[in-house]
Every structure is written in C-alpha cells, then in structure tokens.
1. Taking the stretch 11-28, which residues are over 11 Å from residue 220 (Cβ atoms) and either touching a helix residue (DSSP H, G or I) at 6+ places or on another chain (Cβ under 8 Å) or not in a strand (DSSP E or B) (or both)?
2. Select from the stretch 31-41 the residues that are within 7 Å of ligand 1 (Cβ to nearest atom) and out of contact with any helix residue (DSSP H, G or I) (no Cβ under 6 Å at 6 or more places or on another chain) and list them in ascending order.
3. Is it the case, given these coordinates, that residue 84 is closer than 30 Å to residue 129 by Cβ, surrounded by 18 or more Cβ atoms within 10 Å (Cβ to Cβ) and more than 16 Å from ligand 2 (Cβ to nearest atom)?
4. List pairs: first in the stretch 209-222 and at positive phi and touching a residue at least 24 places away in the same chain (Cβ under 8 Å), second surrounded by 20 or more Cβ atoms within 10 Å (Cβ to Cβ) and assigned to a strand (DSSP E or B), Cβ under 7 Å, 6+ apart or cross-chain?
5. Looking at the stretch 29-51, which of its residues are at negative phi and in a loop (DSSP other than H, G, I, E, B)?
6. What's the total number of residues in the stretch 34-47 that are crowded, with 20+ Cβ neighbours inside 10 Å and within 13 Å of ligand 2 (Cβ to nearest atom)?
Ligand SMILES: Nc1ncnc2c1ncn2[C@@H]1O[C@H](COP(=O)(O)OP(=O)(O)OP(=O)(O)O)[C@@H](O)[C@H]1O
Ligand SMILES: [Mg+2]
C-alpha cells in the first residue's frame, strides 16, 4: 500500500525582487490514510508553505506530490481547485469566515463550489454545525460569535464536503486553553472517524494527540517520530 500523500524532493521558491529565494529545500514526506500528523517548527521555518503544497493551494517549484497516486504537481489551476473542493478541508488560524454571512451560510460555502442545491447544502451544514456543538448559533454572523465558536464554524465548514484530508494551520493558536482543548477534542474525534489530519501547531497537547510529529527547521525536515 502506497501513502495517501507523498512528497518527493519538494522545493518551493518565491520571487523576491530580482531573485528567487528557496524556502523549502527538498522535502520527502509520506502520510498514510487515517494518520494524524503534527507539523512543528520555529516561526518562518516553512510549515505553512508546506501545508499549502499538501493542500494543493500551491504547487512545488521542484519535486513531486502524489495524492492517492495522482500527480498533483502536474495539475493546472482548475484541476487543483476541483481536487481541493472534492477532497480537502482547511482550517486556518484566522478562521477566514465571511463577515456578512450567518454561521449556516459560512459552513455551507464549500458545497456551493461543489454545485449542490441550496436545501441540501443547508441541511448538511446544519448537521455539521450541530456536530461541533453550534446547533443553537446557526443564524449568528461571525462578529456575534466567540473566538472558539468562530473556530468551530471554520471546522464545520472544513468538514461539510466530507473531505478525506483535513489540513489545519494552528487551529488552537488564537484560542484560550479551554476552548483550545475543545477544538482538540474535535480533531481527535475526526481522527477516530478515520480522517487523515495534518495539523501545524505550536501546542504540545495537539502534538501529543497526533500519532506522529514532523519537525521542520529552515525549510527541511529534521525529525519525524
Ligand atoms: N508568498 C511569499 N513570498 C515570499 N516569501 C514568502 C512567501 N510565503 C512565505 N514566505 C517566506 O517563507 C518563509 C516560511 O514561511 P511560512 O509561512 O511557511 O513559515 P511558518 O513556518 O508557517 O511560520 P509561522 O510559524 O510564523 O507561521 C518565511 O521566511 C516567509 O517570509
Ligand atoms: Mg505559518
């Protein structure tokens, strides 16, 4: 059995003025279906850059990325967008919720891109919000929710299309300890459900919950246990 996600010699360069700066220097990483992986490392080491490649939000400058055997590094922008809509769920530290939309409409958003009818979209979004404990907050806009509630809306949105892979960038970073612990319980439940989770974190509790910790430093993997 091959890995679900497989990076080989992945490098990422960014154009800065008149020169390219290499941020990731030849990353090799295999993640199997159902794994919960914590990605850790100092600020600026390349964790978000790596997560964006794994999430098909950006393409490697060099090297290959296979998802379930499919060569993601060769896909064009439209194909990447389709792949994200079908298989990826994202949770960002800053939530990225739409300020004018209710919790229900925010959570239903990924299904709009998937082309489902409205009734079906809202029924699924309602089920996900109930699952994260927000069944009583469907009509609230983000400004009318607490930080932890906003993060739970973001998680419901990440899950609403039943993604196989969930990518989270410091999902507990902006939360107090208790709310962070609630979000961690949710991540654990997703892992028990058999989802594949990759989570950038500075939080030792999140790292302990993950079965595996990959450490990045200066754009390279320095430990994988
Ligand atoms: N679009 C970009 N253009 C130029 N440089 C970039 C770009 N994105 C990231 N970088 C640089 O790449 C390096 C790694 O950034 P990245 O966001 O991956 O770090 P990180 O490990 O997620 O850090 P943090 O823990 O602070 O979020 C940084 O030095 C950053 O300045
Ligand atoms: Mg980051």
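Each reported figure results from applying straightforward, stated rules to the coordinates on display, with no laboratory input. All figures in this text were calculated on a predicted structure; none of them were measured in a lab. Backbone-built Cβ (ideal geometry, glycine too); neighbour counts: all protein chains shown.
1. Result: 12, 17, 18.
2. none
3. yes
4. Pairs that qualify, where the first residue is at positive phi and touching a residue at least 24 places away in the same chain (Cβ under 8 Å) and the partner is surrounded by 20 or more Cβ atoms within 10 Å (Cβ to Cβ) and assigned to a strand (DSSP E or B), are 219/24.
5. Residues satisfying the conditions are 32, 33, 35, 42, 43, 45.
6. 6
A quick yes/no check of all residues on (1) in contact (Cβ under 8 Å) with a residue 12 or more places away in the chain; (2) within 18 Å of the chain's Cα centre (by Cα); (3) more than 30 Å from residue 147 (Cβ to Cβ):
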{"site": "82", "(1), (2), (3)": "no, yes, yes"}
{"site": "88", "(1), (2), (3)": "yes, yes, no"}
{"site": "111", "(1), (2), (3)": "yes, yes, no"}
{"site": "122", "(1), (2), (3)": "yes, no, no"}
{"site": "127", "(1), (2), (3)": "no, no, no"}
